[in-house]
Amino acid sequence: MNDARTGKPMKFTFIQTADAYRYAQMLSYSAQTVTEYARLKGYRYESFLGLKRGEYPWQATFNRVFMLTELIDREIGGWVCYMDADAWVHDLDYDLEVLFAGLGDAAAVFTPSGASDHWWDVNAGVFFVNLDHPDGVRLCQAWKKACLEKWGFIADKVDFPAGGPDDQSILHELLAAEVVPRSSIGLTTRAEVNSQHAAFIRQHLRGDQRSFEHRVAFIRETVHEVLTRTKPEAAARDETVWAVTQGLYRGLLGRDADPDGARAYYELIISRGVRDGVAAAADSISNSPEFRARRLAVEA
C-alpha cells in the first residue's frame, strides 16, 4: 500500500500507553493483539507505562500527546496509530487498504464520537496521524502546546475532570479552530474502529460495562478469543448472537428486529456475554413502551 501523497510504501507504528497501576493490567492484555498484528504485518509497536507529565494516574491520558511529539523528535515518520489501553485489534488479518481507501492523503484520521453532529467531535481513543504530512506534525505540536498552556488547570486534579480540560477536549478545540485545515482531517466510521462491533480495532469504553473489573475481565477473555479463534468460529458466534437477537424480538414483540435495535442488542450481548447479555436485552425489551402496548392489546 503506497502513500497517496508520496507514492512510497506506507509505514505504520502502533503506540499504546497507560499508568503503571490501574490500567497497566488492561494494557497487558490488549497489547497482545496489537503486537501480534504488528508482527504479522511488519509494522512497528511501542508502549509506555507511567506518566509523561503530572503525578496522578489519570494524567496518563496525556501520554499520547507527548509520545507523538517524541516520535517527531526522533524522526520516526509514517503513520502512527494510537490505541487506548481498552482497545484491541479484532481482526489480525485486517487490510489497512480498506480503512485508508480515499483517506491516504489525510494528515490524520479520526472516528466521530457519536455524541454530536460536529465533525470535530471525535474519539481520541483510537486514531491515525501521518508524521510525514506537514499538517500531521503541526497538529501534534499544537496539541502538546495547548495541553501545556492549560496544565495549570490540570496539574492539581486528583481525578479525571468531568468538565475538562483533558486531552480529548483540547483536541476538539484545536480541530474546531482548524489549527490545520478541515480538508487535512479524514473521518472513518465506527464500523471500522472505535466501537465494540468494529471490523478492525474495537474499544471497550468506560460506559460499556458495570465495573472496571468487568472491563478488564471482558478484554482479557476477548483478547484470548482473538488470538486463538479461527474465522469460522468467529462467524459462527456472530451468527448465533444475531439469531438470539432476532428471537428476542419475535418472541417478545412479535416482529423482526429493526437494524438499529438489532445492532444495539447485539453489542449488548457481545459485551456482557450470552447469559448476562440476553437477560439484559430481554429486560430492556420487556420494559419498552412497545412491549407494554402489545401486552395490553393481547390482554384486551
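The values are calculated or read from the model by the stated rules, or taken from the named source; none is laboratory data. Fair warning: this is a prediction, and the values are worked out from it, not measured in the lab. Here the Cβ is made from the backbone with ideal geometry for all residues, glycine too, and neighbour counts use every protein chain on show. Just so you know, the surface numbers come from the protein's heavy atoms only, side chains and all, with ligands and any DNA or RNA stripped out. Shrake-Rupley method; radii C 1.70, N 1.55, O 1.52, S 1.80 Å.
Of note:
- Using a probe of 1.4 Å on the protein chains alone, the accessible area found for GLU46 is around 40 Å².
- The range 86-232: C-alpha gyration tensor shape, a/c 1.5 cut-off, then a/b vs b/c: oblate
- Point-charge dipole on Cβ atoms (K/R +1, D/E -1) for the chain, about Cα centre, debye to 20: 280
- Sites GLU149 and ALA24, calculated FRET efficiency, Cβ-Cβ separation with R0 35 Å, nearest 0.05: 0.75
- The chain, relative contact order [Cα under 8 Å, separation at least 6], %: 17
- Note on the range 1-76: dipole from Cβ charges, positive end direction compared against PHE62, THR6, SER30; the farthest Cα belongs to THR6.
- Only beta bridges with both residues in the chain are counted; by DSSP, about 45 percent of them are antiparallel.
- Candidate residues ILE76, ILE185: accessible-area rank, largest first, probe 1.4 Å: ILE76, ILE185
- Computed packing ranks the peptides 84-93, 272-281, 247-256 as 84-93, 272-281, 247-256, most packed first, by mean other Cβ atoms within 10 Å.
- Above-threshold pairs, the threshold being 22 Å between Cα atoms, out of LYS41/LYS144; LYS11/LYS41; LYS52/LYS145; LYS8/LYS41; LYS52/LYS150: LYS41/LYS144
- Efficiency of FRET between MET1 and LYS157 - r from beta-carbon atoms, R0 51 angstrom, step 0.05: 0.80
- Residues with amide H under 5 Å from that of GLY186, placed H, sequence gap 5 or more: ALA107, ALA108, VAL109, PHE110
- The figure for SER28 is an accessible area of roughly 60 square angstrom, using a 1.4 Å probe on the protein chains alone.
- Between ARG275 and ARG255, the FRET efficiency from the beta-carbon distance, with R0 = 30 Å, is close to 0.75.
- Solvent accessible area, Å² - MET26, 1.4 Å probe, full protein context: 0
- Ranked from largest to smallest solvent-accessible area, with a 1.4 Å probe on the protein heavy atoms, GLU213, GLU173 come out as GLU213, GLU173.
- Backbone HN-Hα couplings from phi across the range 24-32 [Karplus 6.51/-1.76/1.60, Hz, Gly and Pro as x]: 4, 5, 4, 5, 4, 7, 4, 4, 4
- Here the peptides 58-64, 236-242, 100-106 are ranked by packing, the mean other Cβ count within 10 Å, and the order with the highest first is 58-64, 100-106, 236-242.
- Counting only the Cα atoms, the range 156-300 fills a convex hull of 192 Å³ per residue.
- Taking a ≥ b ≥ c as the square roots of the eigenvalues of the alpha-carbon gyration tensor, the range 253-300 is classed prolate because a/c is 1.5 or more and a/b outweighs b/c.
- Euclidean distance of C-alpha centroids, the range 161-185 and the range 79-113, integer Å: 19
- Overall form of the range 1-71 per C-alpha gyration tensor (a/c, 1.5; a/b vs b/c): oblate
- Cα-based helix-to-principal-axis angle, 259-272 vs the chain, degrees rounded to 10: 80
- Using alpha-carbon coordinates, inclination of helix 63-73 to the longest axis of the chain, degrees: 40
- Ellipticity estimate at 222 nm from DSSP helix runs (n ≥ 4, -39,500 (n - 2.57)) divided over the chain, nearest 500: -15000 deg cm²/dmol
- Among residues other than LYS150 with Cβ under 13 Å from its Cβ, the summed charge is -1 (Lys and Arg +1, Asp and Glu -1).
- The residues of the chain expose, per residue, 48 Å² of accessible area to a 1.4 Å probe.
- In order through the range 89-100: 3J(HN,Hα) via Karplus (6.51 cos²θ - 1.76 cosθ + 1.60), integer Hz, x for Gly, Pro: 7, 7, 10, 6, 9, 4, 9, 5, 4, 5, 5, 8
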